[in-house]
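S.K.: Structure provided below as structure tokens; questions to follow.
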Amino acid sequence: MGKISVVGLGPGDMAQLPMGVYRLLKGGQPIFLRTKLHPVVETLAKEGLEFDSFDAVYEANEQFEGVYDKIVAQLIAAAEKQDIIYAVPGHPMVAEKTVQLLLEDKQGIEVEIKGGKSFLDDLFQAVRIDPVEGFQLLDALDLKQDEIELGQHVIIMQVFNEYIASEVKLTLMEKYPDEHLVALVHAAGSQAEKVEWLPLFEIDRMQGVHNLTSLYVPPLAQDDRTKSFQTLQYYIDTITGEDGDVWIKAQTHETLLPYLKEETDEFIEAVEKEDSENMVEELGDILMQVLYHTNLGERSGYFSLEEVVETLNKKLRRRHPHVFDGIEATTAEEVDALWQKIKLEEKRGLE
């Protein structure tokens with residue numbers, strides 16, 4: 001039974017390849033590459049190093065998840081016979097799904113992370129930001145708009161081509177202004193480094209394939225984060241705070257109830273008139289009233305917004321086993337029966 005030594009090839013050219021990794025690669029052990037599409041591979045090949053790569057696995061599979069599982073299976077099979085080296089771009093512990101799978105499913109084989117250099121340090125330097133201010137590292141191939149923090153530096157990796165850039169653009173434009181200035185960072189830290197600052201709506205005009213390209217999205221100013229729930233919380237906390245609005249600070253749950261009813265009635269009226277623009281405004285007014293009540297709960301010490309959200313999340317998860325747990329309920333009648341059963345169990349649990 002052998003050992004798998006996992007190393008990172010760095011983010012770009014040979015100048016970014018750690019000396020310890022270079023010496024290990026030159027040590028004579030069989031080397032497996034996740035991909036040959038990396039600038040240092042050609043140089044190492046000229047020095048006489050031989051590799052096996054998994055590029056053929058990528059070419060034979062359309063889904064990335066299937067590719068990663070097959071790579072891990074082949075690595076484990078090879079390591080059962082002898083010690084091997086598995087080399088990946090960047091650093092093994094930064095956005096490397098195969099390494100995570102390997103650590104989870106090593107089947108008794110020793111896996112040692114030998115290090116490398118990620119692209120992050122060079123990218124921070126290229127766009128001149130300090131990560132202590134807070135940043136997110138996101139994958140362009142699995143980008144979800146609800147996970148984006150508008151007040152943080154956002155780095156989106158694997159922006160390989162125009163198609164991926166277009167998908168990323170459409171996702172980001174749901175939350176950022178179209179003209180928001182962003183940067184496409186190519187080959188950060190290498191001699192070929194290039195930083196392109198451009199409006200968000202132009203990022204998909206890139207040509208060709210760019211294996212070493214990431215997108216940097218600067219944070220929005222507080223008042224520009226108009227699509228952020230955190231901004232809403234900030235405004236409510238400020239309005240109801242010590243130096244906030246005098247009227248709201250004088251209210252109680254009881255005195256606010258007429259306003260909640262009024263806003264609800266106005267929303268019902270907007271629905272009946274099929275006035276979608278007014279529905280948006282009235283739903284916002286209802287949410288404002290909800291946040292006023294949760295803020296009162298926090299100030300009185302009885303409950304908090306987090307408790308309200310926690311209770312709702314648990315209820316949503318518990319009452320939808322047909323969505324999350326594979327329970328069969330394909331008609332509205334079956335769903336209703338399931339709900340009644342769950343609510344009865346909840347009631348018994350409280351007794």
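The values are calculated or read from the model by the stated rules, or taken from the named source; none is laboratory data. Fair warning: this is a prediction, and the values are worked out from it, not measured in the lab. Cβ sites come from the backbone with ideal geometry, for glycine too, and all protein chains shown count toward neighbours. Accessible surface areas use protein heavy atoms only, side chains included; no ligands, DNA or RNA. Shrake-Rupley method; radii C 1.70, N 1.55, O 1.52, S 1.80 Å.
S.K.: Could you grab me the full set of residues in segment 233-261 that are open to solvent by less than 70 Å² (accessible area, probe 1.4 Å) and either on the phi > 0 side of the Ramachandran plot or polar (S, T, N, Q) (or both)?
M.R.: GLN233, THR240, GLN251, THR252, THR255 - these are the residues of segment 233-261 that are open to solvent by less than 70 Å² (accessible area, probe 1.4 Å) and either on the phi > 0 side of the Ramachandran plot or polar (S, T, N, Q) (or both).
S.K.: Restricting segment 154-184 to residues that are hydroxyl-bearing (Ser, Thr, Tyr) and at pLDDT 95 or above, which is nearest to LYS227 (Cα to Cα)?
M.R.: TYR176
S.K.: Take the residues in segment 6-61 that are hydroxyl-bearing (Ser, Thr, Tyr) and under 31 Å from the mean Cα position of the chain (by Cα), then tell me which one is least open to solvent (accessible area, probe 1.4 Å).
M.R.: For segment 6-61, the residue satisfying everything is THR35.
S.K.: Is there any pair with a first residue in segment 36-50 that is farther than 16 Å from GLN16 by Cβ and at pLDDT below 95 and a second that is open to solvent by less than 60 Å² (accessible area, probe 1.4 Å) and of a type in the set (S, T, N, Q) whose Cβ atoms are under 8 Å apart and which are 6 or more apart or on different chains, and what are they?
M.R.: Note: pairs meeting the criteria are LYS36/SER53.
S.K.: Next up: For residues that are open to solvent by 60 Å² or more (accessible area, probe 1.4 Å) and not in a helix (DSSP H, G or I), scanning just segment 196-211, find the one that is modelled with the lowest pLDDT.
M.R.: Taking the candidates together, the pick is VAL209.
S.K.: From GLU96, GLU59, GLU104, grab the single residue that is of a type in the set (Asp, Glu) and over 25 Å from LEU138 (Cβ atoms).
M.R.: GLU59 is the lone residue from the list that is of a type in the set (Asp, Glu) and over 25 Å from LEU138 (Cβ atoms).
S.K.: Can you give me the number of residues within segment 100-127 that are outside any strand (DSSP E or B) and either on the phi > 0 side of the Ramachandran plot or surrounded by fewer than 17 Cβ atoms within 10 Å (Cβ to Cβ) (or both)?
M.R.: Within segment 100-127, residues that are outside any strand (DSSP E or B) and either on the phi > 0 side of the Ramachandran plot or surrounded by fewer than 17 Cβ atoms within 10 Å (Cβ to Cβ) (or both) number 10.
S.K.: When both residues are 6+ apart or on different chains and their Cβ atoms are under 7 Å apart, which pairs have a first residue that lies in segment 312-323 and is in a helix (DSSP H, G or I), and a second that is open to solvent by less than 90 Å² (accessible area, probe 1.4 Å) and of a type outside the set (Asp, Glu)?
M.R.: Qualifying pairs under 7 Å: ARG318/ILE342; PRO321/ILE327; HIS322/ALA329; HIS322/VAL335; HIS322/LEU338.
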